[in-house]
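Structure first, commentary second.
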Amino acid sequence: MNSWTLVYEEFDPKKESLREALCTLGNGYFATRGAAPESEAGAVHYPGTYLAGGYNRLKTEIAGREVENEDLVNMPNWLVTRFRPEDGDWLNLLSADILFYRQELNLKAGLLSRTVRFKDKQGRETTLIQRRFVHMGQMHLAGLETMIIPENWAGRIQVLSSLDGTVINAGVKRYQQLNSKHLSPIRGEAVNDETICLLVETNQSRLRVAEAARTCVYSGEERIAVERKLVERPGTIGQEFFIDVAQKKAVRIEKIVSFFTSRDFAITEPALDAAEAVAHAGGFDKLLQSHMLQWDHLWNRCDIRLENSDRPQMILRLHIFHLLQTVSRNTIDLDIGVPARGWHGEAYRGHIFWDEVFIFPYLNVRIPNLTRSLLLYRYRRLNQARLAAQAEGLSGALYPWQSGSNGREETQHLHLNPKSGRWLPDNSHLQRHVNIAIAYNVWQYYKATGDLGFLSTYGAEMILEIARFLAGITTFNPVLDRYEILGVMGPDEYHDGYPDSETPGLNNNAYTNVMTVYVLRTALKAIDALAPDRWGDLLKTLGLEQAELSRWQDIIRKMRVVFHGDNIISQFEGYDQLPEFDWEGYRKKYGDIQRLDRILEAEGDTPNRYKVSKQADVLMLFYFFSAEEIQDLFTRMGYDFDPESIPRNISYYLKRSSHGSTLSNIVHAWVLSRSDRPRSLALFHKGLESDISDIQGGTTHEGIHLGAMAGTVDILQRCYTGLEFHDDILFLNPNIPDDLPKLSMRNKYQGKWFDIAVTPEFLTITCNRCEGAATKVAFQGKIHPLKPGETLTFDLHEKQPKETPHEKNPNPRLESGDTFRW
C-alpha cells in the first residue's frame with residue numbers, strides 16, 4: 001500500500017456516494033465532490049460543488065409551521081463531460097461491461113485519477129483515463145483532463161462539455177422535504193469557439209456565481225480543431241462536438257474551468273473575470289505542475305509521519321488533506337468559519353458548530369495565520385451575538401449553536417427522525433458551549449502564538465463578552481451558597497431535558513459550569529495580559545465595572561458542581577437518579593445503537609430517561625485539561641477533588657456512551673491515554689476509520705466529519721507527545737503507546753519551527769529554522785533552553801540525577817512519568 005494514495009479497484013454503486021465525499025477536491029475557496037464527470041445526481045451519484053460560505057435561505061411549510069433554513073448551496077456542476085460512439089449510448093458504468101477499474105486519490109499531489117476499460121453493447125472496448133484538480137495556488141481555477149482510447153475500433157465519438165446550473169440541493173435524504181432550488185439562471189453564452197460561460201444567482205442571498213470553461217481537444221501533442229454546436233437550456237450552457245478516432249490512438253480533452261462570485265476581491269463582474277481567467281490560464285499540465293508545487297509546500301510543514309504504518313499513515317494523511325482543502329491560504333482573506341462537515345456535502349447545511357475546538361489546535365502550530373482569520377469570522381459576528389444575548393434579557397454575547405452567513409442562530413426548530421418519520425422539536429440552541437469553545441480557542445491561539453495584537457484588538461473583547469453572558473445565566477442559590485446554571489444542554493445531545501418535563505433544559509451541567517469558571521478566569525487573565533491603557537479603554541467601552549468583575553470572582557469561588565457515588569462528577573443535577581439502560585438487550589435487538597436517540601424515539605421513548613450518552617460530556621473536561629489543571633479549577637471552586645478519581649470518572653461514563661458522534665472515539669482515546677494506553681490506541685484507530693469506513697453506516701457521503709478527522713491528527717500531535725504551551729514555555733510529556741511506530745512532525749511555536757520525533761523510548765526536538773533567543777522546553781519538571789540549530793534528546797525510560805545541570809548536559813536523559821498529566 002502507498003501511504004500517499006487512496007485507491008479503489010472496483011466500481012461499487014452502493015459505495016459511490018461515500019467515495020465521492022472522500023475524493024472531494026478543494027482549495028479553501030471552493031470544493032467539488034469526486035463524482036464521475038458523466039454522472040448525474042441520483043441514487044448512485046451526487047455531483048456537488050460548494051463555495052466556502054456560499055449560503056442561501058429558503059422557507060418551507062412543515063408540520064403546520066413555516067420554517068426557514070439556510071443551506072450551503074450546491075453550485076453549478078462544472079464537471080459535466082460525456083461521450084459516446086456516434087451510434088452508441090452515452091457512457092454509463094451502470095450499464096457498461098467493466099473490464100478494468102481504478103480510481104486513485106493522490107494526496108501528495110492533490111490529484112484525482114480514474115482509469116476505466118469497458119465494453120459497450122456493440123462489443124467496442126474503450127479505455128477512459130481522467131485526471132482532475134482544484135488548484136491550490138490559483139484559487140479560482142480547476143482542471144479536468146479526459147483521455148479516450150478506442151482499443152478495438154475506430155470511428156467518431158460525440159462529446160458534450162457543459163456547465164449545469166439547474167442543480168438543486170438533494171444530497172441529504174432527510175432534508176429532501178425542504179425547498180431546495182437555490183439558483184436562478186441569469187445567462188449562458190459562448191465566449192469564443194472554445195469557451196463557454198454560465199452566470200447564476202442565489203435567489204435569497206443574491207450571490208452571483210460565474211463559471212467559465214475552456215475545452216480543447218488534442219490528438220497526441222497536436223491541438224485539433226473541431227466543429228462545435230452550442231447547447232443551450234435555461235440554467236445550462238454546453239458544447240457538443242465530434243472527434244474522429246483511430247484504433248489504439250488516444251484523443252485528449254482538456255477542460256479548464258474558472259469559478260468567481262460577486263463577493264470576490266479585485267473583480268469587475270464575475271462572468272467577465274471568469275472568462276478572462278480561463279483565457280489566460282495555461283494548459284492542464286502546466287497548471288497541474290504549479291498546483292502540485294503548492295501541495296509540496298503544504299506537506300513540508302503539515303505532514304505527520306508514522307514509520308512502517310501504511311494504512312494508518314494513509315488515513316492520517318487523508319485527514320490532513322481534507323483539513324487543508326477545507327481551510328487553506330486561500331481562506332485567509334475570506335469571511336468564513338470552519339464547517340463541521342467540510343465543504344464536502346450538504347449535511348448540517350455547511351454550518352459552523354463547536355468543532356473548531358478540535359480543528360484549531362492543528363492549525364495553531366502550523367498555519368496560525370489561518371486560525372487568526374477563522375477567529376475573525378467569529379469577531380465579525382460579535383454584534384449579532386450581542387443581539388442574541390439581549391433577546392434573552394442578558395448582556396454580553398451569545399454565539400449560536402449553528403452559525404452560517406451572518407451569525408444568527410441557524411439551528412432548525414424541527415428535526416426529522418428518519419427511523420420514525422416524525423418531525424420533532426429541536427432544542428440544540430440550549431447548548432451554550434459554542435460560547436465556551438470560542439473563548440477557549442481565542443486563548444489557545446494566543447498561548448501558541450503570543451499574538452498580543454490579536455488579543456488586544458479582537459480576542460479579549462470576545463472573551464470578555466462571552467464571560468459576561470455566562471456570568472449572566474449564572475444564578476445564586478442562597479440556601480446552598482453556590483452559583484448555578486439552569487436550563488441548558490451539555491455536549492451530550494441525548495439529554496435535552498428531564499423526563500416528563502414540558503420545559504427543555506438541564507440544571508447544573510457539570511461541563512458547562514466548570515467551563516464557565518474557566519472562561520471567567522481566562523477573561524481576567526486576558527485583562528492582565530493587555531497593556532493598562534488598552535484594558536482600561538476596553539473595560540470602559542464595554543461598560544464593565546469593578547462590581548461585575550468582583551461577581552465573576554465570586555462565581556469562580558462558589559460555582560456548583562454536583563457529585564455522586566465515589567467522587568463521580570454528575571453530568572447534570574439528577575443524573576444519578578436516572579435508571580441504567582439495557583445496553584445488552586438493545587444491542588441484541590438492533591445491533592448498531594450509535595444513534596440510540598432515534599431508536600428510542602421511534603419506540604415512543606427518549607434517552608432523557610436513562611443514564612446514556614451520545615458522546616463525551618463530563619469527560620470533555622479531561623480532554624481539555626491536565627489533572628493538575630482540573631484539580632486547580634475545583635480547588636478554586638472550593639471542592640476537594642482528587643485526581644486519582646479521574647480514571648473512575650472515565651470508566652463510569654465510557655460504559656454509558658453509545659458513541660453516537662464520530663467525535664466520541666477521539667475524546668475517549670485522549671482521556672484514556674494515561675491510564676489505558678492499549679485501549680486508547682484502539683480507539684484512536686477506530687477514530688481513523690470513522691469516515692473512510694463510514695462506521696456510522698451512511699453519514700459520510702453527506703460530508704466528511706472534519707472535527708473527527710482533525711481530532712485523530714491532534715491525538716498524535718498533542719496527546720501522545722504531551723505538547724502544551726504555558727507561560728512562554730513549550731511543554732513535552734510524551735505518552736506513546738507501545739505499539740505506535742515512530743512519530744515525527746514539524747510544529748510552529750511563537751514564530752519558530754521545531755522538528756519533533758518521538759518513539760516509546762526517545763524524544764528529540766530540534767530548532768532548525770529558528771532565530772533569536774533560546775526557547776524554553778519543559779520536560780519532566782525541568783526547563784531546558786533550546787537554541788537555534790540545537791537538538792535536545794530525552795530518553796523516556798532512563799532517569800538522570802536531578803542535580804545534573806542542563807548547562808553541563810545538553811542532551812538530558814530523563815524518566816517518563818514524573819508528572820501526572822491527563
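How big is the convex hull of the Cα atoms of the stretch 88-204, per residue, in Å³?
Convex hull volume per residue, Cα atoms: 185 Å³.
Using the alpha-carbon atoms, what tilt in degrees (0 to 90, nearest 10) does helix 627-636 show relative to the longest principal axis of the chain?
It works out to around 50 degrees.
On a full-extension model of 0.36 nm per residue, what is the gain between residue 651 and residue 158, subtracting their alpha-carbon distance, rounded to one decimal in nm?
171.1 nm
Between Rg and the Kirkwood Rh of the stretch 215-358, both from Cα atoms, what is the Rg to Rh ratio?
Rg/Rh: 1.04.
Given a cut-off of under 8 Å on Cα pairs at least six residues apart, what relative contact order in percent is computed for the stretch 167-314? Display every interim value, and only then the final one.
On the way: 218 pairs, mean separation 28.9, N = 148.
Once divided by the residue count of the stretch 167-314, the mean separation gives 20 percent.
Where the centroid of each part is defined by its Cα atoms, how far is the stretch 255-318 from the stretch 585-622 in Å?
Cα centroid of the stretch 255-318 versus Cα centroid of the stretch 585-622: 42 Å apart.
So which aspartates and glutamates pass the test for residue 255, namely a Cα distance under 13 Å, with those fewer than 8 places away in the same chain ruled out?
Candidates past the 8-residue exclusion: 145, 194, 211, 285.
Kindly provide the pair-distance distribution of the stretch 460-566 built from C-alpha pairs, with 10 Å bins from 0 and whole-percent values in order of increasing distance.
Result returned by the calculation: 14, 41, 29, 13, 3, 0.
Need the full-extension length gain, residue 176 to residue 203, defined as separation in residues times 0.36 nm minus the C-alpha distance. One decimal, nm.
Length gained, residue 176 through residue 203: 7.9 nm.
From the cross-link list 248/286; 14/108; 119/249; 447/748; 525/614, which pairs have alpha carbons spaced over 22 Å apart?
248/286; 14/108; 525/614
At 7 Å along Cα-to-Cβ for each site, give me the label-to-label distance between residue 587 and residue 776 in nm.
Taking the simple label geometry, residue 587 and residue 776 are separated by 4.8 nm.
Can you bin the stretch 509-589 into rounded, prolate or oblate? Criterion: square roots of the alpha carbon gyration tensor eigenvalues sorted a ≥ b ≥ c, rounded for a/c under 1.5, prolate for a/b above b/c, oblate for the rest.
prolate
Pull the list of the chain cysteines that no other Cys approaches to under 4.7 Å, Cβ to Cβ.
23, 197, 216, 302, 719
Using the beta-carbon distance between residue 186 and residue 62 and R0 = 45 Å, what value does 1/(1 + (r/R0)^6) give for FRET efficiency, to the nearest 0.05?
Values: r = 30 Å, r/R0 = 0.67.
It comes out at approximately 0.90.
Any idea how far apart residue 557 and residue 268 come out in nm if each label point goes 7 Å out from Cα toward Cβ?
The two pseudo-label positions are separated by 6.8 nm.
From largest to smallest, what semi-axes in whole angstrom does the stretch 477-537 give when each is the square root of 5 times an eigenvalue of its alpha carbon gyration tensor?
Ellipsoid half-lengths, sorted descending, are 33, 14, 9 Å.
Determine, at each q value in 0.07, 0.08, 0.09, 0.11 (inverse angstroms), the log₁₀ of I(q)/I(0) that the Debye formula gives when each Cα of the chain is one equal point scatterer.
With no solvent term, the Cα-only Debye profile gives -0.56, -0.73, -0.91, -1.31.
So, taking all protein chains as they sit and a 1.4 Å probe, how much accessible area belongs to residue 62, in Å² rounded to tens?
In the full protein context, residue 62 sits at about 10 Å².
Find which of 719, 513, 667 sits farthest along the positive direction of the dipole of the chain, computed with +1 on the beta-carbon of Lys and Arg, -1 on that of Asp and Glu, about the Cα centre.
The listed residue farthest towards the positive side: 719.
Share of the chain's accessible area from carbon and sulfur, percent, 1.4 Å?
On the chain, the fraction of accessible area on carbon and sulfur atoms equals 47 percent.
Report the label-to-label distance for residue 285 and residue 635 in nanometres (one decimal), using points 7 Å from each Cα along the Cα→Cβ vector.
Computed distance between label sites residue 285 and residue 635 equals 6.8 nm.
The values are calculated or read from the model by the stated rules, or taken from the named source; none is laboratory data. Keep in mind that this is a model prediction, so the values were computed, not measured. Glycine also receives a Cβ, built like all others from the backbone with ideal geometry; neighbour counts cover every protein chain displayed. All accessible areas refer to the heavy atoms of the entire protein, side chains included, with ligands and DNA or RNA removed. Shrake-Rupley method; radii C 1.70, N 1.55, O 1.52, S 1.80 Å.
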